[in-house]
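Colleague: This is the structure I want to talk about, given as structure tokens.
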Amino acid sequence: MTVEGNKRNGQDNPVLLVEKEESITWLKLNRPKVMNCLNRALLQELIRVCSELKDDRSTRVVGIIGSGLKTFCAGADLTERKSLTPFETVDYISLIQNAFRAIETLPQTVIGAINGSAFGGGTELALACDLRVMVAGASLRLTEVKLGIIPGAGGTQRLPRLIGVSKAKELILTAAPLTAERGMDIGLIHKVVKESSPEGGDFHEPLLKEVRTWAAEIATAAPLSLQQAKFAIDEGYDRDLEAGLALETKAYLQLLNTKDRLEGLAAFAEKRTPVYRGQ
């Protein structure tokens, strides 16, 4: 299934491709001529699609990838941004924050497939994902302080939570690039994939394959359990331990009367593979 929502708005080339493959739904940034940078149309599409996906029981994993083999996302569309008034710029910041929050709060597991370098908002998009797989030759970089601004799409908040305050300050204050290898070392990147040849097609096939494999493994778990585990982690990690444990208990209790829990127990007793339906 491919959803090309932008064609409704008179655009021949949709800025976002939505493709369903079994248990994974791909969100493919489709602005290769401008390095998949984030204009308002693309951000609005991300919000719209996430609103639909959150209630899609057949989608267990959401994968986000950029078109081409060199750039995941170059961040904000500076050509569009330079024509905005200060008031419109504030609206844009609110829009990009809402788009990334929509991705971050999806009940499904979200995997960022970083097919090439990511700058500014492109790195912040990757930070909004639950898991990150990256091509070996790519790099992440929060360049904003070199442009007279700061990361405004969650970079100053998500990065310290993911890798710690000290390392986040290093990357943000120096605007230094982060390689895939170092990303693995500091725990930001989970898997690294070899670079593809120029004949690799519109999207990075080895990266797609790696994410599909991981998504297939994730999809063997009970979807409601995945959702509640993600919720407990996201909502509890910055609370004190007692509050976090109470939230964990609440999330656990949400699963007690589900059909999937009973299926898991039955499958274990019968020594078979469980069939989970998200019920």
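Colleague: Checking R272 against (1) open to solvent by less than 100 Å² (accessible area, probe 1.4 Å); (2) under 21 Å from T109 (Cα atoms); (3) part of a loop (DSSP other than H, G, I, E, B), which single condition isn't satisfied?
Modeller: Looking at each condition in turn, R272 falls short on (2).
Colleague: While we're here: Of the numbered conditions (1) of a type outside the set (A, V, I, L, M, F, W, C); (2) modelled with pLDDT under 95; (3) assigned to a strand (DSSP E or B), G112 fails exactly one; give the number of that condition.
Modeller: So G112 meets the others, but not (2).
Colleague: Turning to a different aspect of this structure: Taking S196 and the conditions (1) open to solvent by less than 30 Å² (accessible area, probe 1.4 Å); (2) of a type in the set (G, A, S); (3) touching a Leu at 6+ places or on another chain (Cβ under 7 Å), which numbered condition does it fall short on, given that it satisfies the others?
Modeller: Condition not satisfied by S196: (1).
Colleague: Under 9 Å by Cβ, and 6 or more places apart or on different chains, what pairs join a residue from the stretch 202-218 that is under 14 Å from G66 (Cβ atoms) and part of a helix (DSSP H, G or I) with one that is open to solvent by 50 Å² or more (accessible area, probe 1.4 Å) and at pLDDT 95 or above?
Modeller: V211/K191
Colleague: Would you confirm whether any residue within the stretch 224-243 is under 24 Å from R57 (Cβ atoms) and in a loop (DSSP other than H, G, I, E, B)?
Modeller: No, the stretch 224-243 contains no residue that is under 24 Å from R57 (Cβ atoms) and in a loop (DSSP other than H, G, I, E, B).
Colleague: Then there's this: Report the residue count in the stretch 83-107 for those that are part of a loop (DSSP other than H, G, I, E, B) and open to solvent by 10 Å² or more (accessible area, probe 1.4 Å).
Modeller: 5
Colleague: Of all the residues that make up the stretch 27-54, how many are charged (D, E, K, R) and assigned to a helix (DSSP H, G or I)?
Modeller: Final tally of qualifying residues: 5.
Colleague: Then there's this: Out of the residues in the stretch 254-279 meeting the condition of being among the small types (G, A, S) and within 29 Å of the chain's Cα centre (by Cα), tell me which one is nearest to A219 (Cα to Cα).
Modeller: The extreme case among them is G278.
Colleague: Let me ask something else. Could you tell me which numbered condition V18 fails, if it satisfies all but one of (1) without any contact (Cβ under 8 Å) to a residue 40 or more places away in the chain; (2) open to solvent by 40 Å² or more (accessible area, probe 1.4 Å); (3) touching a helix residue (DSSP H, G or I) at 6+ places or on another chain (Cβ under 9 Å)?
Modeller: (2)
Colleague: Just one of the numbered conditions (1) touching a Lys or Arg at 6+ places or on another chain (Cβ under 6 Å); (2) open to solvent by less than 60 Å² (accessible area, probe 1.4 Å) is not true of L46; which one?
Modeller: Unmet for L46, out of (1) touching a Lys or Arg at 6+ places or on another chain (Cβ under 6 Å); (2) open to solvent by less than 60 Å² (accessible area, probe 1.4 Å): (1).
Colleague: While we're on this one: Can we say R182 is in contact (Cβ under 8 Å) with a residue 40 or more places away in the chain, out of contact with any His (no Cβ under 6 Å at 6 or more places or on another chain) and not hydroxyl-bearing (S, T, Y)?
Modeller: no
Colleague: Restricting attention to the stretch 155-174, does a residue exist that is on the phi > 0 side of the Ramachandran plot and in contact with a helix residue (DSSP H, G or I) (Cβ under 8 Å, 6 or more places away or on another chain)?
Modeller: For the stretch 155-174, residues on the phi > 0 side of the Ramachandran plot and in contact with a helix residue (DSSP H, G or I) (Cβ under 8 Å, 6 or more places away or on another chain): absent.
Colleague: Of the conditions (1) of a type outside the set (F, W, Y); (2) assigned to a loop (DSSP other than H, G, I, E, B); (3) modelled with pLDDT of 90 or more; (4) open to solvent by 60 Å² or more (accessible area, probe 1.4 Å), L255 satisfies every one except a single condition; which number is it?
Modeller: L255 satisfies all of (1) of a type outside the set (F, W, Y); (2) assigned to a loop (DSSP other than H, G, I, E, B); (3) modelled with pLDDT of 90 or more; (4) open to solvent by 60 Å² or more (accessible area, probe 1.4 Å) except (4).
The values are calculated or read from the model by the stated rules, or taken from the named source; none is laboratory data. Everything numeric in this text was worked out from a predicted model, so none of it was measured. FYI the Cβ positions are ideal-geometry reconstructions off the backbone, even for glycines, and counts take in every protein chain you see. Note: areas computed on protein heavy atoms with side chains; ligands, DNA, RNA excluded. Shrake-Rupley method; radii C 1.70, N 1.55, O 1.52, S 1.80 Å.
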